[in-house]
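A.B. asks: The structure follows.
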Amino acid sequence: MERLVNSLRVRLIGVVLVILAALVPPLYLGVSAIVREGYAERFVNSLRVYSRLMADELEALEEQDLDRRAVALLDSAVLSGQVLFAEIRDGTRVLHSSIATAPIRVPAQDDFYLGDHNDQVYFITHTVNRGDHSMTLRLGFDEVPTRESIAAAERRVLMAMGIFVAASIAVAVWLSAVIARPMVRLQLAAQRVAGGDTHTQLRVYSSIREVQELNYHLEHMRRELVGANERLSREIREREVSEEKRLDLERRLLHRERIATIGTLAGGVAHEFNNIMTPILLYSQLAAEEVPAEDALADYLRRVIAAAHRARSLVMRILTFSRGMDSQQPTVFPLRVPVEEALALLREIVPTNIEIVLAAPDQTLPVRGDASLVHQVVINLCTNAYEAMRQSGGRLTVTLGTIENPPESQVRPGCYHVLEVSDTGHGIDPLVLAHVFEPFFTTREVGEGTGLGLSVVHGIVSSMGGVITVRSTVGSGTTFSVYLPAATRQLQEAAAAASTGA
Amino acid sequence: MRRLLTLLLILSLVAPARPASQAVVLVVGADSPAIEMDSVSVRKLFLGVPVLVNGKPLHPLRNRSDPLLDEIFFQQIVAMSQSSYDRQILIGVNRQGWLRPEEYSRVEDVVAALNADPNAVSYMWQRDVGHNPKIRVIRVVWSD
């Protein structure tokens, strides 16, 4: 009910009804009063003039045959159709019209207004001076025709008022519809926008200027809202991406720190261990020189020396990892060269059920670092790939290329040369994948692997300012991607320096 | 019978007494040259038309001391409605240059004006004239 009362249309119509209720009754009464007074004024004026003329006529009548002439005058008045009563009094003598009239009640006093004495007859008396004496002329005029005319006029006024009221209500209904329809459309459109459909345009066609302006401002607000929403959504997405990057960097930083800590620890242990191994190897070799070759002890010593060499090799690998592979002076070299050398070596030792494919462009792909370390990286990665396909066979693909701004989040924007090593082996479990670069982490049987291969690769790539990533699908294979910063500019500078020196 | 007589006595006491016969008369000052005027002259006079007596114009005075007297004036003297009379007066004043009748709201003022101007003509109730020797009745305008 409150919603109905508050609606614009009901209010408009209500206001019009209230105005009509306040204005129409007094307007009707006022117009009726003017009509009544107009008719009454005309009636009274005409009968006063008429009766005065009658009195003047009577006053001017000659004395001879006065009665007959007076009665004729009264007959003339009655025959006019407006006079219902006509009488002349001359002392005790009373003269009436010879024409019979309907009997009416004759009041003692004269009338001065239409409807006076409420007898439907307007009585008027004139004193007629005739020389030595006076007479009175009394006439009664029929008020009924005038009253009927007034009633008819009032009915016409009432009818006009009714038509006016009906027309006003119709106009109010139409006007309220004209005003309210675009407002309702705007309201529905605004509801849709509020419900989330912000792309619905608030477009309402109306000839009312205020509605047009309201529509314009609402549409402007909607567009602002849409723009703000889009900006907000974009900012939220950017924040989510940057948050993901931050978490990833944090994770990588922790990982690097962990690797670095382990590397430092391992380096310290390896250094001490190397110091211990040096006398063991030295004295074992001296002892072996003192013992005859066919002696069983010589065989034992050779085994000790071999084990000491393996231990020393292991220590050297640990030291290589922990020292950050910076033992060599970095140079700019073509990436393709150490890769091809490593693959040539691998083709000699890999079984024939594993196909080795190199996909490389013709460019030189210069990178800065130690070529022998890149050689070791390729050997390590390909060895892992070969191990993954040793039972089933498959394809080992080495791909070289260049990429600008790699999509991986951990790689900073820039130009990189990419070395990818892919296999079609059994893949790596996601739980294992998170730890593959950690030192001493291995899934191989005890004695088959040291868990240092990929951590050494990681250390080499990091020392060259690169990044290594891995993606794997269990059952489909694994791909290691090594991003090394392109050294095209350095290569050009080196070439320029060489030509200048020459 | 006795009851009927008692009822008639009560009714005669309760019923409003019929007013005494009254009349409106046309009056002039005692020194006025006007002796007699017919109804047309009276009407002309109060409609502003110049009416001469002995070469001098008469001056109409409207007596507005009583509303009923006003109605009798319109009905018996000028024989028209009030609005018609006002219209006629306006036409006479504006088009013909006639004079509008002077108006007085008190009988005493009317009497004083009549005494002051021998050419003045007015009307009043017969009872207001009484036996005033300074006023002379020249015509009965209306009698009840």
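A.B. asks: Dipole magnitude of chain A about its Cα centre, charges +1 at Lys/Arg Cβ and -1 at Asp/Glu Cβ only, in debye to the nearest 20?
C.D. replies: On the way: 49 positive and 59 negative charges, 142 e Å.
Using Cβ point charges on Lys, Arg, Asp and Glu, chain A gives about 680 debye.
A.B. asks: Ratio of alpha-carbon Rg to the 2.2 N^0.38 Å globular estimate for the range A:46-190, to two decimals, please.
C.D. replies: Working: Rg = 28.2 Å, N = 145, 2.2 N^0.38 = 14.6 Å.
Relative to the rule-of-thumb radius for its length, the range A:46-190 sits at 1.93.
A.B. asks: Based on the alpha-carbon gyration tensor of the range A:414-487 and its eigenvalue square roots a ≥ b ≥ c, which shape applies: rounded if a/c is under 1.5, prolate if not and a/b is larger than b/c, or oblate? Walk me through the numbers before you get to the answer.
C.D. replies: On the way: a/c = 2.54, a/b = 1.41, b/c = 1.80.
It comes out oblate by the Cα gyration axes.
A.B. asks: If you don't mind, another one. With +1 assigned to the C-beta of every Lys and Arg and -1 to the C-beta of every Asp and Glu, and no other charges, what is the dipole magnitude of chain B about the Cα centre in debye, to the nearest 20?
C.D. replies: Working: 16 positive and 14 negative charges, 78 e Å.
Here the size comes out at about 380 debye.
A.B. asks: Additional query: Out of B:Leu26, A:Ile354, A:Ala40, whose Cα points farthest toward the positive end of the dipole of the protein assembly as shown (charges: +1 Lys, Arg; -1 Asp, Glu; placed on Cβ)?
C.D. replies: In the protein assembly as shown, that residue is B:Leu26.
A.B. asks: I need the calculated FRET efficiency for the pair A:Phe440 and A:Val241, taking r as the beta carbon distance and R₀ as 30 Å, to the nearest 0.05.
C.D. replies: It comes out at approximately 0.30.
A.B. asks: Another question about this same structure. Can you list residues from other chains, or at least 5 along the same chain, whose modelled amide H is less than 5 Å from the amide H of A:Ser134?
C.D. replies: Correct list: empty.
A.B. asks: Another question about this same structure. Using a cut-off of 14 Å between beta-carbons, work out the net charge of the residues near A:Asp248 (Lys and Arg +1, Asp and Glu -1, A:Asp248 not included).
C.D. replies: Numbers: positive: A:Lys245, A:Arg246, A:Arg251, A:Arg252, A:Arg256, A:Arg412; negative: A:Glu240, A:Glu243, A:Glu244, A:Glu250, A:Glu408.
Spelling it out: positives minus negatives among the neighbours equals +1.
A.B. asks: Using 1/(1 + (r/R0)^6) with R0 = 60 angstrom and r between the beta carbons of A:Asp299 and A:Leu249, what's the FRET efficiency to the nearest 0.05? If you can, show how the numbers build up before the last one.
C.D. replies: Working: r = 55 Å, r/R0 = 0.92.
FRET efficiency, A:Asp299 to A:Leu249: 0.60.
A.B. asks: Within the range B:92-121, what residues put their amide N at less than 19 Å from the label point 7 Å along the Cα-to-Cβ vector of B:Ala30?
C.D. replies: Backbone N within reach: B:108-121.
A.B. asks: Gap in Å between the Cα centre of the range B:57-96 and the Cα centre of the range A:258-278?
C.D. replies: First find each Cα centre; the distance between them is then 141 Å.
A.B. asks: What is the set of long-range amide H partners of B:Val27 at a cut-off below 5 Å, with H atoms built 1.01 Å from backbone N?
C.D. replies: B:Ser122, B:Tyr123, B:Met124, B:Ile138
A.B. asks: Show me, for the range A:423-434, the HN-Hα J-couplings you get by feeding each phi into the Karplus relation (A = 6.51, B = -1.76, C = 1.60, θ = phi - 60°), rounded to Hz, glycine and proline as x.
C.D. replies: Here the 3J(HN,Hα) series is 10, 10, x, 7, x, 10, 5, x, 5, 6, 4, 5 Hz.
A.B. asks: Give me the number: length gained by fully extending A:Ser476 to A:Glu408, i.e. 0.36 nm times residue separation minus the C-alpha to C-alpha distance, one decimal in nm.
C.D. replies: 22.4 nm
A.B. asks: Here's another thing I want to ask about it. What span do the alpha-carbon atoms of the range A:329-501 cover on each of the three principal axes, reported in whole Å from largest to smallest?
C.D. replies: 56, 34, 29
A.B. asks: Exposure proxy check: B:Trp125, B:Trp142, A:Trp174 ranked by fewest other beta carbons within 10 Å? Spell out each step's value before the answer.
C.D. replies: Working: B:Trp125 18, B:Trp142 22, A:Trp174 10.
Lowest to highest Cβ neighbour count: A:Trp174, B:Trp125, B:Trp142.
A.B. asks: Return, for the Cα atoms of the range A:70-121, the radius of gyration and Dmax in Å, separated by a comma.
C.D. replies: Here Rg and the maximum Cα pair distance are 11.9, 30 Å.
A.B. asks: Under 13 Å from a point placed 7 Å out from the Cα of A:Ser233 along the Cα-to-Cβ direction: which residues of the range A:197-222 have their backbone N that close?
C.D. replies: Once the point is set 7 Å along Cα→Cβ of A:Ser233, A:197-200 turn out to lie under 13 Å by backbone N, inside the range A:197-222.
A.B. asks: Turning to a different aspect of this structure: What is the Cα radius of gyration of chain B over 2.2 N^0.38 Å, N being its residue count?
C.D. replies: Numbers: Rg = 19.1 Å, N = 144, 2.2 N^0.38 = 14.5 Å.
Rounded to two decimals, the normalised Rg is 1.32.
A.B. asks: What is the ratio of the Cα radius of gyration of the range A:1-103 to 2.2 N^0.38 Å, where N is its residue count, to two decimals?
C.D. replies: On the way: Rg = 28.0 Å, N = 103, 2.2 N^0.38 = 12.8 Å.
In units of the globular-protein estimate, the range A:1-103 measures up at 2.19.
A.B. asks: Is the C-alpha gyration tensor of the protein assembly as shown telling us rounded, prolate or oblate? Criteria: a/c under 1.5 is rounded; beyond that, a/b larger than b/c is prolate, otherwise oblate. Spell out each step's value before the answer.
C.D. replies: Details: a/c = 6.57, a/b = 5.54, b/c = 1.19.
Note, shape of the protein assembly as shown comes out prolate.
A.B. asks: Can you put B:Asp38, A:Asp65 in order of Cβ neighbours within 10 angstrom, beginning with the fewest? It would help to have the intermediate numbers written out before the result.
C.D. replies: Details: B:Asp38 13, A:Asp65 10.
Ordered from fewest to most neighbouring Cβ atoms within 10 Å, B:Asp38, A:Asp65 come out as A:Asp65, B:Asp38.
A.B. asks: How fast does the range A:118-274 diffuse by Stokes-Einstein, in µm²/s, taking the Kirkwood radius from C-alpha pairs at 25 °C and 0.890 mPa s? List each step's numbers first, then the result.
C.D. replies: Working: Rh = 26.5 Å.
My calculation gives 93 µm²/s for D.
A.B. asks: DSSP H helices in chain A with Cα extent of 30 Å or more along the helix axis and mean Kyte-Doolittle hydropathy at least -1.0? Intermediate values should be presented prior to the final figure.
C.D. replies: On the way: long enough: A:8-60 (76 Å, 0.87); A:144-194 (72 Å, 0.98); A:209-290 (117 Å, -0.68); A:296-322 (39 Å, 0.57).
Helices meeting the criterion: A:8-60, A:144-194, A:209-290, A:296-322.
A.B. asks: Of the listed peptides A:484-490, B:113-119, what is their order by residue-averaged count of other C-beta atoms within 10 Å, with the highest listed first?
C.D. replies: Sorting A:484-490, B:113-119 by mean packing, highest first, produces A:484-490, B:113-119.
A.B. asks: So, one more: Where Lys and Arg each count +1 and Asp and Glu each count -1, what net charge lies around A:Arg239 among other residues with Cβ under 12 Å from its Cβ?
C.D. replies: On the way: positive: A:Arg234, A:Arg237, A:Lys245, A:Arg246; negative: A:Glu235, A:Glu238, A:Glu240, A:Glu243, A:Glu244.
So the surrounding residues net to -1.
A.B. asks: Return the whole-Å distance between the Cα centroid of the range A:183-236 and the Cα centroid of the range A:64-78.
C.D. replies: Measuring centre to centre over Cα atoms gives 93 Å.
A.B. asks: Something else now. Quick one: if the Förster radius is 30 Å, what FRET efficiency do A:Arg42 and A:Val18 give, using the C-beta to C-beta distance and rounding to 0.05? Don't skip to the end; give the middle numbers.
C.D. replies: Details: r = 37 Å, r/R0 = 1.24.
The formula returns an efficiency of 0.20 here.
A.B. asks: Please name whichever of A:Tyr28, A:Ile150, A:Val106 sits farthest to the positive end of the charge dipole of chain A, dipole taken about the Cα centre and charges placed at Cβ: Lys and Arg +1, Asp and Glu -1.
C.D. replies: Selected residue: A:Tyr28.
A.B. asks: How big is Rg to Rh over the range A:196-239, alpha-carbon atoms, Rh as the Kirkwood inverse-mean-distance radius?
C.D. replies: Values: Rg = 13.8 Å, Rh = 11.7 Å.
A ratio of 1.17.
A.B. asks: Another one. Which lysines does B:Lys44 reach when only Cα atoms under 19 Å apart count, and residues fewer than 8 places away in its own chain are ignored?
C.D. replies: Within the straight-line limit of under 19 Å, B:Lys44 reaches these lysines: B:Lys56.
A.B. asks: If I model a spin label as a point 7 Å beyond the Cα along the Cα-Cβ vector, how far apart are those points for A:Arg105 and B:Leu90 in nm?
C.D. replies: Taking the two extended label points, one gets 4.0 nm.
A.B. asks: For peptide B:71-84, how many partner chain Cβ atoms fall within 10 Å of a residue's Cβ, on average?
C.D. replies: Numbers: counts 6, 2, 0, 4, 11, 9, 1, 3, 12, 7, 11, 3, 6, 7.
Counting Cβ atoms of other protein chains within 10 Å of each residue's Cβ and averaging gives 6.
A.B. asks: Can you give the Rg to Rh ratio of the range A:39-78, both from alpha-carbon atoms, with Rh computed by the Kirkwood formula?
C.D. replies: Details: Rg = 12.2 Å, Rh = 11.0 Å.
That ratio is 1.11, to two decimals.
A.B. asks: Further question on the same structure: Between A:Gln363 and A:Leu53, 0.36 nm times their residue separation minus their Cα-Cα distance comes to what? Write down the numbers at each step before the final one.
C.D. replies: Numbers: separation 310, 0.36 × 310 = 111.60 nm, distance 13.76 nm.
Gain in length upon complete extension: 97.8 nm.
A.B. asks: Pick out, from B:Val78, B:His131, B:Gly92, the residue whose Cα sits farthest towards the positive end of the charge dipole of the range B:59-144, with +1 on the Cβ of Lys and Arg and -1 on the Cβ of Asp and Glu.
C.D. replies: B:Gly92
A.B. asks: So if I take the centroid of the Cα atoms in the range A:326-375 and the same for the range A:26-50, what is the distance between those two points in Å?
C.D. replies: 125
A.B. asks: For the residues A:Glu355, A:Glu340, what sequence is obtained by ranking on other C-beta atoms within 10 Å, fewest first?
C.D. replies: Details: A:Glu355 13, A:Glu340 17.
Fewest-to-most Cβ neighbours within 10 Å comes out as A:Glu355, A:Glu340.
A.B. asks: Stretch A:Leu61-A:Ser168 to full length: gain in nm at 0.36 nm per residue minus the Cα-Cα span?
C.D. replies: Values: separation 107, 0.36 × 107 = 38.52 nm, distance 6.20 nm.
Working it through step by step, the gained length comes to 32.3 nm.
A.B. asks: Let me confirm one metric for peptide A:46-52, namely the mean number of other chain beta-carbon atoms within 10 Å of its residues' beta-carbons.
C.D. replies: On the way: counts 3, 3, 9, 5, 1, 3, 9.
Mean partner-chain Cβ count within 10 Å for A:46-52: 5.
A.B. asks: One quarter of the convex hull surface, Cα atoms only: what value does that give for the range A:225-384 in nm²?
C.D. replies: Reported value for the Cα convex hull: 17.3 nm².
Laboratory data are not the source of any read-out in this text; all were calculated from the coordinates shown. Predicted model only: the values in this text are computed from it and were never measured. Glycine gets a Cβ as well: all are built from the backbone with ideal geometry, and neighbour counts include every protein chain shown.
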